[in-house]
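Asker: Below is one structure. I have some questions about it.
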Amino acid sequence: MSHIGVGIIGTGSIVHTYVKCLSELEGVRIVGLCTKSADRVEQLKADFGLPIYSDLNTFVQHPEIDLVCVCNESGKHSIAIEAAAKAGKHILSEKPLEVTTEKIDGLIALCEERKVLLGCVLQNRCSTDYKQVENAIKSGKLGKLLMGNASINWYRSQAYYANSKWRGTKKLDGGAAFINQGIHTVDLLQNLMGPAVSVFANVQTRVHEIEGEDVGAVLVNYENGAMGTITAGTALFPGYPERVEVYGEKGSIIMEGGKIIAWNVKGEDAPELTSKEQGSGATDPTAIGHHNHKVVLQDMVNAIRENRKPMVDGAEARKSVALVNAIYRSSKSKKQVQL
């Protein structure tokens, strides 16, 4: 392909990040944006200077679109992905891929049937510091893993939810603190620790007027025998940077806000820590930079050109949703849930 034509579905705040990233990539052209709100078309044209469409099926049939970026509400990702796949377009979806594993399984099967690539944006895997942690753990430098903890103890005002019809709803957001704000860190933790086999969870809605949870805690058991905890919230004022802790028989590593803050591994000097590209959305969701999104988008473009899987395909994106779904089932049943 001389260039990759990209269409973006959804015009919420995240679309600014996508337009910025795509404009910086070589051999890529944004064909247009698609919004469900016909009355916003003229304003969006003025804001972005791009063609704006309001009919999804017409949009995905556009002959110049090779890749569809899905940025609409989480619980409507499947609508956009199904339309794009049936039109023969490759797909890169914002996190989470969908809000249930049942929906995700259907999307994976459809994309395989239509022979289109399906990727998911879990961009925190791309940070320099995280890659160093991943390499250390997967190369055995920490030895036997003993404990893996994560905390996403963030804060969002009631206005954050009141100004959105879908955030914090079970149908369109899938829940709240764990599946929206927490999904990135849950993804990092399970990628480092390996598959979880059971969870015992308690999630509650204590402060916000929403259907989903704004605080919760989980005990996790992993396939490799390790254990750990996950806490998440959007009611935890003033909000603190997300944190991942991994402990092994040979040492421990702690990340906070996407950066390594502690490296204590027997026989291993701490790496040079120069990563500055990532911010934390602990208090403000717009505080997260665009660098890692750009890496994911470049990888997806390369995957299309090279006819290979993207860095996070459907099966990989499913894992964090499966863990969060199990957390919700455990809290509802007040019992330990096996994955």
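Asker: Quick one: which residues, 5+ away or cross-chain, put their amide H under 5 Å from the amide H of residue 93? H built at 1.01 Å from N.
Answerer: 70, 119, 120, 121
Asker: Here is a further query. Counting only heavy atoms of the protein chains, get the accessible area per residue of the chain (1.4 Å probe) and round it to a whole Å² value.
Answerer: 44 Å²
Asker: Could you run the Karplus curve 6.51 cos²θ - 1.76 cosθ + 1.60 with θ = phi - 60° over segment 163-180 and give me ³J(HN,Hα) per residue in whole Hz, x for Gly and Pro?
Answerer: 7, 9, 7, 10, 5, x, 8, 6, 6, 9, 9, x, x, 8, 4, 6, 7, 9
Asker: So, one more: With r defined as the distance between the Cβ atoms of residue 270 and residue 227 and R0 fixed at 35 Å, what FRET efficiency is calculated, to the nearest 0.05?
Answerer: Computed FRET efficiency for residue 270 and residue 227 comes out at 0.85.
Asker: When you count, for each residue, the other Cβ atoms within 10 Å and take the mean per peptide, how do 203-209, 138-144, 65-71 rank with the highest first?
Answerer: 65-71, 203-209, 138-144
Asker: Using amide H atoms built 1.01 Å from N in the peptide plane, name the residues 5+ places from residue 205, or on other chains, whose amide H lies under 5 Å from its own.
Answerer: Here 214 satisfy the definition.
Asker: If you average over every viewing direction, what projected area does the convex hull of the Cα atoms of segment 125-272 give, in nm²?
Answerer: 9.0 nm²
Asker: Under a 5 Å amide H to amide H cut-off, with H placed in plane at 1.01 Å, what residues pair with residue 265 once short-range neighbours are removed?
Answerer: Amide H to amide H, under 5 Å and 5 or more residues apart or across chains, residue 265 pairs with 252.
Asker: What ³J(HN,Hα) values, in whole Hz, does the Karplus curve 6.51 cos²θ - 1.76 cosθ + 1.60 give for segment 84-98 when θ = phi - 60°, with x put for Gly and Pro?
Answerer: Whole-Hz 3J(HN,Hα) from phi for segment 84-98: 5, 5, 5, 8, x, 9, 6, 9, 10, 10, 5, 6, x, 4, 7.
Asker: Roll a 1.4 angstrom probe over the protein heavy atoms and tell me the percent of accessible area of segment 1-152 that is carbon or sulfur.
Answerer: So the carbon and sulfur contribution to the accessible surface is 49 percent.
Asker: Now a separate question. How large is ³J(HN,Hα), in whole Hz, for each residue of segment 30-42 in order, when computed from phi with the Karplus curve 6.51 cos²θ - 1.76 cosθ + 1.60 and θ = phi - 60°, using x for Gly and Pro?
Answerer: 7, 7, x, 10, 10, 10, 7, 9, 4, 6, 9, 4, 5
The values are calculated or read from the model by the stated rules, or taken from the named source; none is laboratory data. Treat the numbers as computed from the prediction; the structure is a model and nothing was measured. Backbone-built Cβ (ideal geometry, glycine too); neighbour counts: all protein chains shown. Heads up: the accessible areas ignore ligands, DNA and RNA and are worked out on the full protein's heavy atoms, side chains in. Shrake-Rupley method; radii C 1.70, N 1.55, O 1.52, S 1.80 Å.
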